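Structure first, then comments.
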Amino acid sequence: MKNGFGDPAKYITHLHVDKDCLHLPYTQEIITRSGLPVEILSEMSTPNIPGKYPDNLTLGKHHLVLRKNRGAFFKPCPGTKEYRCCDYQVLNIGMGCPMDCVYCILQAYLNNPWISFFVNIEDLFTELDQVFTPPADQFYRIGTGEFTDSLALDSLTGLSRYLVEYMSRQKRAVLELKTKSDVIGNLDNLDHQGRTIVSWSLNSPDIMVAEEIRTATLEQRLQAAAKCADWGYRLGFHFDPIILHEGWQEGYRNTIKALFNKVPADRIAWISLGALRYLPSLKNIATGRFPGSRFFYAEFIDGLDGKSRYFRDQRVTMYKLIADELAKFVDSRTCVYFCMENDAIWREVFGFSPEDQGGLGAMLDRSVN
């Protein structure tokens, strides 16, 4: 197995800062911590990265831009009505990632090669204060891993400490920090009050080695998860995307066995399953950047959401094997669920649909309350 790239922030070699946020104490904190020379960007200017997107994306991942988020930080997850969504809320902390997974949807979703990180965190917390203002009684599951990895840059930004400490005071929400790294040092010695879930994306060992570049190894991820469990955090795991490949059955079985050999089952809040699905435009981008990768050449069908998906019978076969293997180990309180699947798949694999149990959102809320 490859040597893990446990801290992807080490890949950052160029730091750029928008002039209008240079004065912020948090910006200065990151600059000091990075030890990198800084290029100040004037209004409307961008890093000078040779080439055109996406051909310059590999080079662009060396470049981190600190800037203000001029839009909303807090938004509903961009699910689609055709498939069962979990009512997740996205906290947008930045765009792009120093890791380089072959299947990453951000390659087709974004159009800049550099990584952006938002430093106006006072605005972020003001927005969250408004969300949590009484008398609203909704329970929120919030994640920062929609447009970036939650912890990939955390050794530079230190953002997790601010988020965990803030969320420790919220009684109607939990924060999920989802990662493929093992960057957890900032999570130690925090009074998190059980309001933060630390989660890892997992896959078959062959996929993790060949298709998830600059990520932590399976062993590194599970060691980090075990430490977080020791620190009192609840955990989450995401088998997504599940990818058909030679030996996939044994590969996913081995990952599941390794997971439960390392991590206490009763610390796991939820485990999600999702088969590979992608915007059609991603195929040409990914195969152009990674010509040795072959999984995009399998047969796919257009889903109701416009994304390419495996045929239904293939998805059911993969899901049943993984769900059956999980059932051997999983704690009765852990919510095992599908990300973006229809009710027919739910019934065929699990024997029920989320509506039978009050809805998927309610199922997940119960797992952390």
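The values are calculated or read from the model by the stated rules, or taken from the named source; none is laboratory data. Keep in mind that this is a model prediction, so the values were computed, not measured. Don't worry about glycine lacking a Cβ; one is built from the backbone with ideal geometry, like all the others, and counts go over all protein chains shown.
Residues in the range 319-369 that are of a type in the set (Asp, Glu) and within 26 Å of residue 307 (Cα to Cα): how many? Matching residues across the range 319-369 total 4. Please verify whether residue 223 is modelled with pLDDT of 95 or more, surrounded by fewer than 20 Cβ atoms within 10 Å (Cβ to Cβ) and touching a Lys or Arg at 6+ places or on another chain (Cβ under 8 Å), treating the condition exactly as stated. Judged against the criteria, residue 223 is a match. For the range 1-40, the candidate set comprises residues that are in a loop (DSSP other than H, G, I, E, B), crowded, with 17+ Cβ neighbours inside 10 Å and among the small types (Gly, Ala, Ser); within that set, the residue that is nearest to the chain's Cα centre (by Cα) is 6.
Summed over the range 147-162, residues that are within 16 Å of residue 109 (Cβ to Cβ) and surrounded by fewer than 20 Cβ atoms within 10 Å (Cβ to Cβ) total 1.
Taking residue 250 as meeting all but one of (1) crowded, with 18+ Cβ neighbours inside 10 Å; (2) within 16 Å of residue 202 (Cβ to Cβ); (3) without any contact (Cβ under 8 Å) to a residue 60 or more places away in the chain; (4) not small (Gly, Ala, Ser), write down the number of the exception. That leaves (1) as the condition not met.
Can you tell me which residue is modelled with the lowest pLDDT among those in the range 41-75 that are surrounded by fewer than 13 Cβ atoms within 10 Å (Cβ to Cβ) and either among the aromatic types (Phe, Trp, Tyr) or under 26 Å from the mean Cα position of the chain (by Cα) (or both)? Top of the filtered list is 75.
Just one of (1) modelled with pLDDT under 95; (2) surrounded by fewer than 19 Cβ atoms within 10 Å (Cβ to Cβ) fails for residue 339. It is (2). Taking residue 292 as the residue in question, decide whether it is over 23 Å from residue 200 (Cβ atoms) and either assigned to a loop (DSSP other than H, G, I, E, B) or at pLDDT 95 or above (or both). Against the criterion (over 23 Å from residue 200 (Cβ atoms) and either assigned to a loop (DSSP other than H, G, I, E, B) or at pLDDT 95 or above (or both)), residue 292 qualifies. One residue stands out in the range 295-327 among those that are without any contact (Cβ under 8 Å) to a residue 60 or more places away in the chain and within 20 Å of residue 236 (Cβ to Cβ): the one that is nearest to the chain's Cα centre (by Cα), namely 323.
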